[in-house]
Amino acid sequence: MANLAAQVLIVGTGGAVRLTGSGLGCSTWPQCEPGEFTPVMHEAATFHPFVEFGNRTLTGVLAVLALAAAWVVWQRTDRSRAFRWLGLTPLLGVAVQAVVGGITVLVDLHPGVVAVHFLISMALVAASTVLLVRDREGDGPPVPTVGDAARRVGRALGPLLAVVLVLGVVTTGAGPHSGDEEVAYRFALDPVAVARAHSASVWLYVAAVVAVVVLTRRGSGAVASAATADARRAAVVLLLVALAQGLVGYVQYLTGLPAVLVGVHMVLASLLVVAQVRQAVAQRTRA
């Protein structure tokens, strides 16, 4: 649980680095400045190096939590090998993220690398959610908790959300928040056109979630009603989070992309991934 919470938290702090223009607060990597691993206090110092260094420090905390999670999982010799390998995913992901984060600084916040950095975080949030859910269930064969129609539509939600997230980072990469007050590399795209495409993908995703909610309400005779009720709750929670995320997206667009709302939008994206994984897993149960 701590690992998952930290994976979401670092998305928020990473957003703070970008939205305060602190992306190049530390000019190099792995050091903050040439010859110094930490920010140096002097008369001309600004807050940007400390924001950037704070995010780097949280990466170290996240690595410790991921290592602890991996150690705990590998002590579970009664569990399947697939579950134990899943326990290594956050640790390996944090190592990859540290390298990608360093490359982001070295290429002066190129929007393509920044986008990859964010999408890897979304993948780590998803993997950490799966790990937490799998820890609470057995290794028996999966048994459906909903009908065939709900499962078919449910399988489409993951790819649809992936499209939403990719278009979201492209929209951000074409917008005003480059992550630095002087270096402002952007995608050479029309921000309004990209935002409309992103909005269309969100509406398609929400429509599919509504369909899953409706189909799940019909239940399934495959398992006990309690498991079906849990799947229904997970689908409703996913719908509520998706609607909240869409609302924040429209408000930030209509109000000129204030940094606070953009940061909220990023954190909600993480929670949307958590809710999506929870809904997908709830469509089956394991003995």
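Assorted remarks:
- Flag if GLY173 is at pLDDT below 95, crowded, with 19+ Cβ neighbours inside 10 Å, in the same structural domain as LEU204 (by TED's automatic domain parsing) and not charged (D, E, K, R): yes
- Residue in the range 134-153 that is assigned to a helix (DSSP H, G or I), more than 26 Å from the chain's Cα centre (by Cα) and either of a type outside the set (S, T, N, Q) or under 13 Å from ALA280 (Cα atoms) (or both) present: yes
- Among (1) assigned to a helix (DSSP H, G or I); (2) surrounded by fewer than 19 Cβ atoms within 10 Å (Cβ to Cβ); (3) of a type in the set (Val, Ile, Thr); (4) assigned by TED's automatic domain parsing to the domain that holds ALA208, the one test that VAL183 misses: (1)
- Total residues in the range 85-99 satisfying the condition of being under 12 Å from ALA69 (Cα atoms) and under 15 Å from the mean Cα position of the chain (by Cα): the figure is 2.
- Here THR228 qualifies as over 30 Å from VAL51 (Cα atoms), in contact with a Gly (Cβ under 6 Å, 6 or more places away or on another chain) and modelled with pLDDT under 95.
- Within the option set GLY54, GLY15, GLY25, GLY60, being assigned to a helix (DSSP H, G or I), within 25 Å of VAL260 (Cα to Cα), more than 18 Å from the chain's Cα centre (by Cα) and not assigned by TED's automatic domain parsing to the domain that holds SER270 holds for one residue only, GLY54.
- Entry remark, the range 23-49: residues being touching a strand residue (DSSP E or B) at 6+ places or on another chain (Cβ under 8 Å) and surrounded by 14 or more Cβ atoms within 10 Å (Cβ to Cβ) number 7 in total.
The values are calculated or read from the model by the stated rules, or taken from the named source; none is laboratory data. Since the model is a prediction, treat every value here as computed from it, not as a measurement. Because the Cβ atoms are built from the backbone with ideal geometry, glycine has one as well, and the counts that use them run over all protein chains shown.
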